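Engineer: The structure is given below, and queries will be raised subsequently.
Every number in this text was worked out from the coordinates using simple rules, so none of it is lab data. Computed from a predicted model, the values in this text were never measured in an experiment. Please note: Cβ atoms are built from the backbone with ideal geometry, for glycine as well, and neighbour counts cover all protein chains shown.
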Amino acid sequence: MSVSMQKMWISIVAMGLLALAMLTIYISRFKLKNGFFKVTTALAAWAFMIIGGLLMLFVVLTGPTN
């Protein structure tokens, strides 16, 4: 697999993680009533956001490929 294709898949995974972070924070804030589950989903959302952001940063900072 070429470097360009690898970067494409990494960026797709990063976008998926960022979308998953949006979904989980929405569920945490507006749908859950139990404090334990609210905190658990909020922490998962933060983890998704950080990992997705770092992956996207990697894709952007490594620059274009041939």
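Engineer: Label-point separation (nm) for A19 and F58, each offset 7 Å from Cα along Cα-to-Cβ?
Structural biologist: Each label point lies 7 Å from its Cα, and together they span 2.0 nm.
Engineer: Output ³J(HN,Hα) for the range 16-30: one whole-Hz value per residue in order, computed from phi by the Karplus curve 6.51 cos²θ - 1.76 cosθ + 1.60 with θ = phi - 60°, and x for Gly and Pro.
Structural biologist: For the range 16-30, the Karplus-derived couplings read x, 5, 5, 5, 5, 5, 4, 5, 5, 6, 5, 4, 4, 7, 10 Hz, x marking Gly and Pro.
Engineer: Now, a different point. Using all alpha carbons of the range 11-61, what is the percent of pairwise distances in each 10 Å bin, ordered from the shortest bin to the longest?
Structural biologist: So the P(r) values, bin by bin, are 31, 44, 20, 5, 0.
Engineer: What is the spin-label model distance, in nm, from F36 to S2 if the labels are put 7 Å beyond Cα along the C-beta direction?
Structural biologist: Output for this residue pair reads 5.1 nm.
Engineer: Reachable lysines from K7, Cα under 22 Å, same-chain residues fewer than 8 places away excluded?
Structural biologist: Output for K7: empty list, no partners.
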